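First comes the structure, then the notes that go with it.
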């Protein structure tokens, strides 16, 4: 083999702590290396041209680039060598930036390490073989998990492009958190006025099938060919019959059922439609509170239902659907503020969360849009907003900024002043985060035009006194203690990963961070892809963000799916396991351990059994390779010999 | 690899072989780099798709041939890109870890751990701790004692 | 030059060997620590305890034909200005030093007579083997410890067979009586200080006589070349004698006459060695062809080849010399007690039980 | 001592014969101290079968390697004689679906222990052993130096002195009455514990000394009923190339790591690897150490329950402590 080695300086990113020239010089000493050089930016156009020229002029059969992480630029360089006529797998990368130059300033040790990493890459490359991808057909159906605004946007965009979409929503209605909001910042336009039509669109699009009250049970398969089992939870109402007339809800005798849609600020019935604009507009029985279930007798709704849709015996139903791609838009939950003992720990009815206040503000909310205290229905005069409750606070393991609270407090304060011009609004804040378009102007309006009192500082304590809540805090700008006699306290509760996010990630085989937010493929360059091909992210499930960003991600994910589906087939990676039939002793252990069912028996002449890998099913994990005692199964591009060659450079 | 360096921080370079899964820990090491989290320089990382790819024999061979330490790192259990690869791996790796001392090879020279792609700081901590541990153990005599001989030569 | 018969008292053995080992490399049979039964030849070091009352587990074959040896070393050197050009530099192994194998048995020495035919008798001479063989002296001991696996007398040797030896050692009650059998032995004789007395010589004569009377083994081998060829295709026969074979390499590795080897280049980066290592015809890989085809795919063909090679093909090629020294090591060490005597005896169609 | 049992064996083999195409047992070897496996294909040869404390070979070694793939003529089975320890190997093969239970007719031999020839030779010293008589629990060893008497227990193999399963755990017929096991699991790993008490340096020195004698003859591997790779063993293959042909210590360590780790959670402690080693390397200890680990860590012993999956071929997402 004739190998060329290209050591990137990455401007000064690498060159400042690694002697790239020396690394290239040493590389020339390794067997098969016939060309080695160092260059300022190997990934740049001229850098890639240099590689291509060397391939031509030096007749290179293999290329090593020592530069940044292969997770960054391996695809770039593979394309570059392929353009020059090499097979893209005749390429190896040594990571001398993230793993060398950026983690130590010891020039000598870094240079040594970089040289050894290059040596390992060369040693491995000597065992590389050209590999060619095969193609499999794509099932052009897309699954969207989560019917909040991000999921709705993704589903609509996909459907608009003619794709068949299945939208799975855990709740009885789509709409997500946005459906609960009264107005949206910074335009103060009505949330349900802008979301409602989109929800209706979902219901009306012929190529969107909506499964509400449903969850993803299991996911098998791979990009282009996922097979998903969906659990349709028993609603005890046959939705094929239910007309959404609401009669059952009217007559239901269980009247003290906490209204979750209204954040438990009011009561609802044990059967019903969560809110007037719900999509689908179908009734659901809350088994926890339904007398038929709690007391074993009632049957009022069954008697009253004009279409006979009530079915107490209904059980969860499982359906299997096949998809080519999956968009995950599972949203978020709110931080539970009861862990803040100094704010009452959930004990004071007039210390409420931001979302509860949204419901209070909402004309369709529990108080019909009149601002009143949950405790006694009195109209509050002094209202205190406390920012960063469950955000930017390492003591409750939420060190991150939820990104939306500063803005929604400003909005809520403005709306409060609008509704109750005589009221006083106070906002305790740490910093104001308002980096969006027209956002900072909006906050300034709250302060300047609406006279909201912004106090920079933390609240130390809230305690009740004479039907008021005394809010004690510090004003760090004045350096003084502040005490406000409040009637209502709104906590700007932060955003956290939704319940069950981790379990779903495990089913989808995507990663999540320590807080349960899903990991994108690359924080900047691949923001809606995951590391599992064919699974895309949209909305807050990936990290806190506001409505415009969620909608943008929904559209972006849809665009990714459209791009994927614009071809009829997809290349499958040739980095899959391969059985050497001669060495296979037919012990079956590979078949036993393969997580994907990608290995099966194959019968040769004379009834001899051998293992056989299905390359389109194999995901290339190499578990079979590690398990196979005679090493008859070898993971291509990560064979035993390749790993051994790398080890031997270091140890032998 | 027992070259000596003039820099007092590297009186003697160690050979620590790292086997990192592509999806989590390799990404975690990248994250640590991107964040400029400073780390000891003895580790040499070999990228594997999954810790499930790790035949314990790779580790045994590295230590037999005289690697001073071997570090295997993958996705957190239940968070494997391939669903269950690391669940197989942790059994196999733990069995090896317990077997090594029976054969006279210090089990402390081998560590396996789980670091996700977002845990750059944790990676820094793992590398620093393990490198310190290996440094305190000194060069691996291997099964032939060649490194010890080379050190005295 | 003093060529008289010499005597080494038991308590003088080490001092005698100390003296000899100043002049020559000396290999002696010693037990590995705590393992009384495993006896191998090892380079003599002062203070070593020799085990001379047992046959060794491994014969001294490795002294002349080591299990692994470098035929040469090679080094690729890259041209400084044109890295794609490289020169290869070869380096020969070190020349062998004069060596004495002390305490071998007649069967062990007989093994070398077989190896010599292949490596040094011509027409193709293996320089490395020949050089080492040329430098090696044998101080052989009359054998008095046959067991139920021994059959040296059956293959043209015996407990007092002096063929191939340079010195002859007879253990008597007080020590060892040493005679020179070849001119090459004279320097060694000169380093032995004590001359044997007449009493010593007489006692040695008695031991010799007693040993010479032993008929070790009753295997008849006169017609086995032909009989083997007649049995060649009789699968049932080979199933009967070797159906239980595990295909391990014990019989060949402990055999003093097995010489098959493998040649491989072992390389790291630009440096390496071409090494010769013992191979075993019992291994699947022995006749595995590059195509993947194996003409001896199962244990039966492989065991048949072992018998045929020793008792038919070899004598056919080398003037009737049987490639077996009757040491019995293959029988004694076989995990499933396969008896090569039975396999050879029954070739002739006799129903002769081997004890 | 065993003439009654021998005739019982013959009788039971005769009874089973109509359903058998082949019967694997032991026959007399080249002297009184040696037995050799016999493959009986004709009922007239049943009389060759023997059963005594010299019947050392684990005949399960032939089961997967030679006969697993072949299907019987007219549904006839393969008979195989197994001791308690050997039966565990069969179960381990069943656990891995390497053999089909219905293919085999298992003749179980409750076993009081097998004589370790090395111990006999150690007792007789240099003198040639002429004959050995075993009467109940006593051994009379006649050598050129005279007759020696000692308890049978003293010359039993190491594996027998720590045997917990003298009675075959799986069988179609039993020859003789079941016996009482001698030790509990706690004592079974005494030999491993003895090594563990050494310092790390002493352990390394111990294995360096032992493994240095290895010839890589692969007898330990080939005698192992569970080493099913055999001719494809990675100790010999060039692709992948795990080992060179050198005979340095790293190669020898590596080979034994391969052998042992491939048996982790699978070894049934039949001790054949150690018995067959011509260089008397205590290789079974390595596997025993691994068994101790898998027992403590994963609560698993190979070759007991045919339904259980070997622990390294499965996982438990919820397990803690590892």
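The values are calculated or read from the model by the stated rules, or taken from the named source; none is laboratory data. The structure presented is a predicted model; accordingly, all values stated were derived computationally and were not measured. No Cβ is skipped: glycine too gets one built from the backbone with ideal geometry, and neighbour counts run over all protein chains shown.
Looking only at segment D:43-57, residues that are within 11 Å of chain C (Cβ to nearest Cβ) and either surrounded by fewer than 16 Cβ atoms within 10 Å (Cβ to Cβ) or farther than 30 Å from residue C:147 by Cα (or both) come to 1 in all.
Only residues that are more than 14 Å from chain A (Cβ to nearest Cβ), farther than 12 Å from residue C:30 by Cα and part of a strand (DSSP E or B): list them for segment C:40-75, please. So that I can check it myself, show each step before the final result.
Initial filter on segment C:40-75 (more than 14 Å from chain A (Cβ to nearest Cβ)): C:40-73.
Next, from what is left, pick out any that are farther than 12 Å from residue C:30 by Cα: C:46, C:61-73.
Passing the criteria: C:68, C:69, C:70, C:71, C:72, C:73.
Restricting attention to segment A:568-593, the residues that are farther than 30 Å from residue D:233 by Cβ and within 14 Å of another protein chain (Cβ to nearest Cβ) add up to 1.
Taking the condition out of contact with any helix residue (DSSP H, G or I) (no Cβ under 8 Å at 6 or more places or on another chain) and either more than 14 Å from every other protein chain (Cβ to nearest Cβ) or within 14 Å of residue A:223 (Cβ to Cβ) (or both), does residue A:557 pass? Talk me through it step by step, then tell me what you get.
Details: out of contact with any helix residue (DSSP H, G or I) (no Cβ under 8 Å at 6 or more places or on another chain): no; either more than 14 Å from every other protein chain (Cβ to nearest Cβ) or within 14 Å of residue A:223 (Cβ to Cβ) (or both): yes.
Answer is no for this residue.
Under the condition of being within 21 Å of residue A:494 (Cβ to Cβ), in a helix (DSSP H, G or I) and in contact (Cβ under 8 Å) with a residue 12 or more places away in the chain, the residues counted in segment A:429-444 number 3.
Could you please find all residues in segment A:1-37 being in a helix (DSSP H, G or I) and farther than 20 Å from residue A:81 by Cα? Steps first, please.
The initial filter retains those residues of segment A:1-37 that are in a helix (DSSP H, G or I), namely A:20-27.
A:20, A:21, A:22, A:23, A:25, A:26 - these are the residues of segment A:1-37 that are in a helix (DSSP H, G or I) and farther than 20 Å from residue A:81 by Cα.
Of all residues in segment D:145-160, exactly one satisfies the criterion of being in contact (Cβ under 8 Å) with a residue 40 or more places away in the chain and surrounded by fewer than 17 Cβ atoms within 10 Å (Cβ to Cβ), namely D:153. Of the numbered criteria (1) within 14 Å of chain B (Cβ to nearest Cβ); (2) over 26 Å from the mean Cα position of the chain (by Cα); (3) modelled with pLDDT under 95; (4) not in a helix (DSSP H, G or I), the one residue A:634 fails is (3).
The set of residues from segment D:137-165 being part of a loop (DSSP other than H, G, I, E, B) and touching a strand residue (DSSP E or B) at 6+ places or on another chain (Cβ under 8 Å) comprises D:137, D:144, D:157. The residue of segment B:58-75 that is farthest from the other protein chains (Cβ to nearest Cβ), among those that are part of a loop (DSSP other than H, G, I, E, B) and surrounded by 24 or more Cβ atoms within 10 Å (Cβ to Cβ), is B:68.
Yes/no matrix, rows are residues, columns are (1) modelled with pLDDT of 95 or more; (2) under 21 Å from residue C:270 (Cα atoms); (3) touching a strand residue (DSSP E or B) at 6+ places or on another chain (Cβ under 7 Å):
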{"site": "A:82", "(1), (2), (3)": "yes, no, no"}
{"site": "A:88", "(1), (2), (3)": "yes, no, no"}
{"site": "A:96", "(1), (2), (3)": "yes, no, yes"}
{"site": "A:105", "(1), (2), (3)": "yes, no, no"}
{"site": "A:111", "(1), (2), (3)": "yes, no, no"}
{"site": "A:115", "(1), (2), (3)": "yes, yes, no"}
{"site": "A:124", "(1), (2), (3)": "yes, yes, yes"}
{"site": "A:127", "(1), (2), (3)": "yes, yes, no"}
{"site": "A:133", "(1), (2), (3)": "no, no, yes"}
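Identify all residues within segment D:1-27 that are closer than 30 Å to residue C:146 by Cβ and either assigned to a helix (DSSP H, G or I) or touching a strand residue (DSSP E or B) at 6+ places or on another chain (Cβ under 6 Å) (or both); write none if there are none.
Once the filter is applied, which keeps residues that are closer than 30 Å to residue C:146 by Cβ and either assigned to a helix (DSSP H, G or I) or touching a strand residue (DSSP E or B) at 6+ places or on another chain (Cβ under 6 Å) (or both), segment D:1-27 yields D:1, D:26, D:27.
Residue count for segment A:469-481, restricted to those that are within 18 Å of residue A:381 (Cα to Cα) and at pLDDT below 95: 0.
Does residue C:295 satisfy being surrounded by fewer than 20 Cβ atoms within 10 Å (Cβ to Cβ) and at pLDDT 95 or above?
Working: surrounded by fewer than 20 Cβ atoms within 10 Å (Cβ to Cβ): yes; at pLDDT 95 or above: yes.
Yes: the conditions hold for residue C:295.
Residue check: is residue D:164 surrounded by 13 or more Cβ atoms within 10 Å (Cβ to Cβ) and under 21 Å from residue D:280 (Cβ atoms)?
Numbers: surrounded by 13 or more Cβ atoms within 10 Å (Cβ to Cβ): yes; under 21 Å from residue D:280 (Cβ atoms): no.
Taking the combined requirement at face value, the residue does not satisfy it.
Being assigned to a helix (DSSP H, G or I) and farther than 23 Å from residue B:93 by Cβ narrows it down to one residue among A:600, A:592, A:562; which is it?
On the way: A:600 fails: assigned to a helix (DSSP H, G or I); A:592 fails: farther than 23 Å from residue B:93 by Cβ.
Every option except A:562 fails the conditions.
Would you say residue A:338 is outside any loop (DSSP other than H, G, I, E, B), more than 21 Å from residue A:425 (Cα to Cα) and within 30 Å of the chain's Cα centre (by Cα)? Spelling it out, residue A:338 is indeed outside any loop (DSSP other than H, G, I, E, B), more than 21 Å from residue A:425 (Cα to Cα) and within 30 Å of the chain's Cα centre (by Cα). Scan segment C:263-299 for residues that are in a strand (DSSP E or B) and either within 25 Å of residue C:130 (Cβ to Cβ) or out of contact with any strand residue (DSSP E or B) (no Cβ under 9 Å at 6 or more places or on another chain) (or both) and the total you get is 12.
Of the set (1) crowded, with 24+ Cβ neighbours inside 10 Å; (2) in contact with a strand residue (DSSP E or B) (Cβ under 7 Å, 6 or more places away or on another chain), all apply to residue A:152 but (2).
Of the residues making up segment C:76-96, those that are assigned to a loop (DSSP other than H, G, I, E, B) and either within 43 Å of the chain's Cα centre (by Cα) or surrounded by 10 or more Cβ atoms within 10 Å (Cβ to Cβ) (or both) number 9. In the condition set (1) in contact with a strand residue (DSSP E or B) (Cβ under 8 Å, 6 or more places away or on another chain); (2) within 14 Å of chain D (Cβ to nearest Cβ), residue A:565 is compliant with all but (2). Taken as a whole, the structure leaves residue C:300 outside the set of residues that are at the interface with chain D (Cβ under 9 Å from one of its Cβ atoms) and at negative phi.
When you check residue D:220 against the structure, is it out of contact with any strand residue (DSSP E or B) (no Cβ under 9 Å at 6 or more places or on another chain), assigned to a loop (DSSP other than H, G, I, E, B) and within 24 Å of residue D:156 (Cβ to Cβ), yes or no?
On the way: out of contact with any strand residue (DSSP E or B) (no Cβ under 9 Å at 6 or more places or on another chain): yes; assigned to a loop (DSSP other than H, G, I, E, B): no; within 24 Å of residue D:156 (Cβ to Cβ): yes.
No: the conditions fail for residue D:220.
Among B:148, B:117, which is surrounded by fewer than 21 Cβ atoms within 10 Å (Cβ to Cβ) and at pLDDT below 95? It is B:148. Apart from one condition, residue D:275 fits all of (1) in contact with a helix residue (DSSP H, G or I) (Cβ under 7 Å, 6 or more places away or on another chain); (2) within 14 Å of chain C (Cβ to nearest Cβ); (3) buried (at least 20 other Cβ atoms within 10 Å of the Cβ); the exception is (1). Filtered by the rule that a residue be more than 10 Å from chain D (Cβ to nearest Cβ) and assigned to a loop (DSSP other than H, G, I, E, B), segment C:226-262 gives C:232, C:233, C:234, C:255, C:256, C:257, C:258, C:259, C:260.
Checking the conditions here, which among D:290, D:304, D:297 is at the interface with another protein chain (Cβ under 7 Å from one of its Cβ atoms) and under 18 Å from residue D:96 (Cβ atoms)?
Details: D:304 fails: at the interface with another protein chain (Cβ under 7 Å from one of its Cβ atoms); D:297 fails: under 18 Å from residue D:96 (Cβ atoms).
Residue meeting the stated conditions: D:290.
Quick one: residue D:177 ticks every box in (1) closer than 27 Å to residue D:11 by Cα; (2) part of a strand (DSSP E or B) except a single one, so which number is it? It is condition (2) that residue D:177 fails.
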